Amino acid sequence: MSCSTCAHFDPHPAAVEAAFPGLSSLSSAYAAVKAADGLCSRHERYVAASSDCTMYSSASTCTRQS
């Protein structure tokens, strides 16, 4: 039940770059340091894929937000 399998989690590099304007001027969300991390639409923040919280919603039972 980590963030990586939550319906509120978006690991796509394009979404990360859209959420953090100017990021690509420093590097890129496609970089190896990002790993599988991404955005939590529930908490509106960048999170590690291995994180977890009490508001977890299984992606298999919810419609994944894009």
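The values are calculated or read from the model by the stated rules, or taken from the named source; none is laboratory data. Here the structure is a predicted model, which is why all the values come from computation and not from measurement. Positions of Cβ are generated from backbone atoms using ideal geometry, with glycine treated the same way; all protein chains shown enter the neighbour counts.
Kindly establish whether Ser41 is modelled with pLDDT of 90 or more and surrounded by 15 or more Cβ atoms within 10 Å (Cβ to Cβ).
Yes, satisfied.
Could you list all residues from the stretch 51-61 that are in contact with a Cys (Cβ under 7 Å, 6 or more places away or on another chain) and within 22 Å of Lys34 (Cα to Cα)?
Listed by number, the residues that qualify are Ser51, Asp52, Tyr56, Ala59.
Across the stretch 54-66, which residue is surrounded by the fewest Cβ atoms within 10 Å (Cβ to Cβ) among those that are modelled with pLDDT of 70 or more and either of a type in the set (Phe, Trp, Tyr) or more than 10 Å from Cys6 (Cα to Cα) (or both)?
Narrowing the stretch 54-66 to residues modelled with pLDDT of 70 or more: 54-60.
When the remaining residues are screened for being either of a type in the set (Phe, Trp, Tyr) or more than 10 Å from Cys6 (Cα to Cα) (or both), the result is 54, 56.
Working: Thr54: 4, Tyr56: 17.
Step by step, filter the stretch 54-66, then rank; the result is Thr54.
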